[in-house]
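Taking it in order: structure first as structure tokens, then the write-up.
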Amino acid sequence: METGSLRSELKITSWTILLFSLLFFSSICSTEAYDSLDPNGNITIKWDIMQWTPDGYVAVVTMYNFQQYRHIQAPGWTLGWTWAKKEVIWSMVGAQTTEQGDCSKFKGNTPHCCKKDPTVVDLLPGTPYNMQIANCCKGGVINSWVQDPSNAASAFQVSVGLAGTTNKTVRVPKNFTLNAPGPGYTCGQATIVKPSKFITQDGRRTTQALSVHIKHFYLICSIYIAVTWNVTCTYSQFLSQKTPTCCVSLSSFYNETIVDCPTCACGCQNNITQPGSCVEGDSPYLASVVNGPGKKSFTPLVQCTSHMCPIRVHWHVKLNYKEYWRIKISITNFNYRMNYTQWNLVVQHPNLDNVTQIFSFNYKSLTPYSATINDTAMLWGVKYYNDLLMEAGPLGNVQSEILFRKDMSTFTFEKGWAFPRRIYFNGDNCVMPPPDAYPWLPNASPSLTASLIPPVIVFCAVLACLLGYLY
């Protein structure tokens, strides 16, 4: 009897351990994407059925970038999904799939794509008008909602076949993936929402997505289900698993020390095992390297530096007034293959709640934590003036100054308070110097205190000798 109960207890314990292990590992694998500075930011994909065809439908797929500061930069977005059945893509406008797949079973008209899991990319600027729709053909680049709302969407049209035209046959695609341009986004399941409405260019007519007609078996009526699906994708830099792309250097008027970016912040120089990983700024072969093979590649070709980062942000504490203080921000591009259009910075500093004036940058306060804590700000260039950060070289930098009003209850130059807590460039977290390397006030410097000891000893010795001589 005791043996049987013991076996049952061991069996229950084994199942408990197995269940716990499954829950533990599933929780690790299902890490959700999250951006702490933009908790509500996301990319929303709308799938609107606009027209029925003999064997399917025509849909408009639109991606809206509702993120405050994160763009989708060149080489642009890549969207993928898995068909629920055996659908094919007959044709596309404003985008194309990267592979056609096996369409050998079709005689006569050949579909644009027969893959079960198509991968779609945007068309390039300059695409013929008969292959365009509104908000297409930008090379996959989508700007952030706050910075450039008129260019915060991308769209294409897709004609789907072998899908049916009733609620029993039309199925929503699943397993959506979004690379922009690399990993980092996690997409949820598609959900049914109200049909989207579209306004014509002249603003005088509104159309909307179609509906599926369903006859209700219990009610003496018919109902329509809107065929508009929403998919929400969120970003996490942790999930992107990419190396840093920017770093921060510091300086001040009260200390001659210039704290450079940490060594190897974005990588280390290794032209022996990886030739061509960087190029010297004064190299006579610079033009041939930049304009040579691979010049259209988006792989960074950076200037050889100790930090090897494509972008460096320099924060300089410039002036101190009675009621104000002033800093200068300089952004330098060390990448010879990239012009950063619509660049932006996100800065965290406790005195951003007392910004008095900003010169030649746009500014927006961000309150990711609560409306009462205002320590985060978004900065970006003025259109047609400095919104384009040119490639590495004499023109590869932008700069501005910020004037702060002092809050006497918190303001101090001690212990690195005047320097930022965090800086993000185009949404990527920049590598900061270690706190103990920050420029310190002269009277707070341990090295300065230590350097005064030898002169004091010498002075005391001389004074003792003089006193001994006199007495």
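The values are calculated or read from the model by the stated rules, or taken from the named source; none is laboratory data. On a predicted model such as this, the values are computed, not experimentally measured, just so you know. All Cβ positions, glycine included, derive from the backbone under ideal geometry; neighbour counts span all protein chains shown. Protein only, heavy atoms only, side chains kept; ligands, DNA and RNA dropped before computing areas. Shrake-Rupley method; radii C 1.70, N 1.55, O 1.52, S 1.80 Å.
Out of K116, K138, which single residue is open to solvent by 80 Å² or more (accessible area, probe 1.4 Å) and part of a loop (DSSP other than H, G, I, E, B)?
Result of the check over K116, K138: K116.
Any residue in the stretch 45-72 that is within 11 Å of W145 (Cα to Cα) and at pLDDT 95 or above sitting within a Cβ distance under 8 Å of a residue that is of a type in the set (K, R) and open to solvent by 10 Å² or more (accessible area, probe 1.4 Å)? List the pairs, counting only those 6 or more apart or interchain.
What qualifies is Y64/K46.
State the number of residues belonging to the stretch 237-285 that are modelled with pLDDT of 90 or more, open to solvent by 30 Å² or more (accessible area, probe 1.4 Å) and not in a loop (DSSP other than H, G, I, E, B).
4
Does G203 count as out of contact with any strand residue (DSSP E or B) (no Cβ under 8 Å at 6 or more places or on another chain), open to solvent by less than 70 Å² (accessible area, probe 1.4 Å) and modelled with pLDDT of 75 or more?
So G203 fails the test.
Go through the stretch 397-409 residue by residue and tally those that are modelled with pLDDT under 95 and open to solvent by less than 50 Å² (accessible area, probe 1.4 Å).
Qualifying residue count for the region: 1.
Of all residues in the stretch 143-168, how many are in a loop (DSSP other than H, G, I, E, B) and either under 31 Å from the mean Cα position of the chain (by Cα) or free of Cβ contacts under 8 Å to residues at least 24 places away in the same chain (or both)?
8
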